[in-house]
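Before any comments, here is the structure.
The values are calculated or read from the model by the stated rules, or taken from the named source; none is laboratory data. Here the structure is a predicted model, which means the values were calculated and not measured. All Cβ positions, even for glycine, are placed from backbone atoms using ideal geometry, and neighbour counts span all protein chains on display. These accessible areas exclude ligands, DNA and RNA; they are computed on the full protein's heavy atoms, side chains included. Shrake-Rupley method; radii C 1.70, N 1.55, O 1.52, S 1.80 Å.
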Amino acid sequence: MLNFNYHNETKIIFGKDTESQVGAELAQHTKKVLLHYGGASAKATGLYDKVVASLNEAGIAFVELGGVKPNPRAEMVYEGIELCRTEEIDFILAVGGGSVIDSAKAIAAGVHYDGDFWDLYTKGGAPEKFLKVATVLTIPAAGSESSTSTVITNEKTTEKRGYGHGDLRPVFSILNPELTYTLPDYQTACGISDMFAHVVERYFTPDPIRHDVYSGRLCEAAMKSTVELGRKIFKDPNNYDLRAELMLAGMVAHNGWLGLGRGGDWSSHEIEHEISAFYDIAHGAGLCIVIPAWMKHVYKNDIAFFAKFANRVFDIEINTNDLEETALAGIAALEQFYLDIGMPIRFSDADLPTDNIEGLVKNLLLHRDAIGGFVKITAEDAKAIYELAL
């Protein structure tokens, strides 16, 4: 098992009507916030009004910055950085899903950074200090509500890159499953796909650091439970307990716990980032296209482990005389699950262009020779994976 340090101070406030507590919680930390949110849905559902009422009641002043788009853009981050500097804001409240939270984190990193915030995403490093962030989550998916990470798209360079730092974990996050009742099925499905992928990236680690007795079975339980919830939730979308389980699953999938001591792969995420950077597809949908293709390309590196995945996650009986058959059946079962919840598994399913594979590969491996942990993915490998996904 790899050495690790794990420290997660995010306070999770979970349950019905918990958004009404946001003002009182913020009052313990600040007197003024940037209220950061997405489109019209927060106002249409009444959430915006509830949050504003809670802020007013607690005497919290706020400056608004709405309009965050899926695959959050660098352009808005620059706007938020300037706004926070001008208004002398030290705390950001993100009301929305992963895109809003990731945008808030990028702003939090950029305000006190002496340079272009985008350099953090391409070169690493850290600012002098970070602004604090808190969240009111509306879409269980990205896990950004208790993670160290943020992903931003730079439209000018057609790049989508991630950045992580321990100080980007939100101070607190409010999770009310009732807020997810109004989500369109497509967004719910994208969220399920995203959280499943976060576990996949931690599960498929190189053999010398793989541990299957405890940490591996935690990953398997998380994936299996996510599949079960995904099959049930569309039949009973206003079932509080199902929504609550799904919201908890999304948080645990990406708060770092499932990856302790394991390392990780993350090549599927990076391969997908190029697809959503170029074509603006929802990240969860893009992952459904990439992950089965990645699996088909790399499974022969450890057929027995893929057979175990098939057995423990999808209940496929292991054929001891033909482990490859079992491994491939597991990949097929994952594809079928994605189709069952309305997700694409090919470029063609999502009506994406298929004539820019070279461009995707070039952008993916800009300034580096390979990606991935389970198997190192070179330009040749990436091209093959994209082609398997067409």
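List of remarks:
- Output for region 258-272, where each listed residue is touching a Leu at 6+ places or on another chain (Cβ under 8 Å) and not small (Gly, Ala, Ser): LEU258, ARG262, HIS269, GLU270, ILE271, GLU272
- Residue in region 353-363 that is modelled with pLDDT of 95 or more, of a type in the set (D, E, K, R) and either within 23 Å of the chain's Cα centre (by Cα) or buried (at least 21 other Cβ atoms within 10 Å of the Cβ) (or both) present: no
- Counted residues, region 1-18 - those being over 30 Å from GLY261 (Cβ atoms) and assigned to a loop (DSSP other than H, G, I, E, B): 3
- Among the helices (runs of 4 or more DSSP H) confined to region 41-89, the ones with at least 1 residues that are among the hydroxyl-bearing types (Ser, Thr, Tyr) and within 24 Å of TYR181 (Cβ to Cβ) are located at 41-44, 47-58.
- Looking only at residues of region 35-84 that are open to solvent by 30 Å² or more (accessible area, probe 1.4 Å) and among the hydroxyl-bearing types (Ser, Thr, Tyr), we find that the one that is modelled with the lowest pLDDT is SER41.
- Residue count for region 19-36, restricted to those that are among the hydroxyl-bearing types (Ser, Thr, Tyr) and assigned to a helix (DSSP H, G or I): 1
- Close pairs from region 38-61: first within 15 Å of GLY97 (Cβ to Cβ), partner at pLDDT below 95 and surrounded by 19 or more Cβ atoms within 10 Å (Cβ to Cβ), Cβ under 7 Å, at least 6 apart: TYR48/ALA42
- Hey, PHE14 open to solvent by 40 Å² or more (accessible area, probe 1.4 Å), over 20 Å from the mean Cα position of the chain (by Cα) and either hydrophobic (A, V, I, L, M, F, W, C) or under 30 Å from THR205 (Cα atoms) (or both) or not: no
- Per the listing LEU287, LEU246, LEU242, the residue uniquely open to solvent by 10 Å² or more (accessible area, probe 1.4 Å) and of a type in the set (A, V, I, L, M) is LEU242.
- Residue within region 298-307 that is hydroxyl-bearing (Ser, Thr, Tyr) and more than 17 Å from the chain's Cα centre (by Cα) present: yes
- Whenever a residue of region 14-25 is modelled with pLDDT of 95 or more, its partners that are loosely packed, with under 15 Cβ neighbours inside 10 Å, lying with C-beta atoms within less than 7 angstrom and at least six residues away or across chains, give the pairs GLY23/GLU57.
- Lone unmet requirement of (1) in contact with a Ser or Thr (Cβ under 9 Å, 6 or more places away or on another chain); (2) open to solvent by less than 20 Å² (accessible area, probe 1.4 Å); (3) farther than 22 Å from SER149 by Cβ for THR180: (3)
- Selection count where residues are open to solvent by less than 10 Å² (accessible area, probe 1.4 Å) and closer than 24 Å to HIS273 by Cα, scope region 116-132: 2
- Filter result for the condition that a residue is out of contact with any His (no Cβ under 8 Å at 6 or more places or on another chain), touching a residue at least 40 places away in the same chain (Cβ under 8 Å) and crowded, with 23+ Cβ neighbours inside 10 Å, over SER215, SER267: SER267
- Count of region 94-110 residues which are within 15 Å of LEU168 (Cα to Cα), in contact with a helix residue (DSSP H, G or I) (Cβ under 7 Å, 6 or more places away or on another chain) and not basic (Lys, Arg): 10
- When TYR163, TYR186 are checked against the criterion of being of a type in the set (Ser, Thr, Tyr), open to solvent by 30 Å² or more (accessible area, probe 1.4 Å) and modelled with pLDDT of 95 or more, TYR186 stands alone in meeting it.
- Residue among ASN311, ASN239, ASN321, ASN301 that alone is within 25 Å of LEU175 (Cα to Cα) and among the polar types (S, T, N, Q): ASN239
- Residues (touching a Leu at 6+ places or on another chain (Cβ under 7 Å) and hydroxyl-bearing (Ser, Thr, Tyr)) located in region 218-257: none
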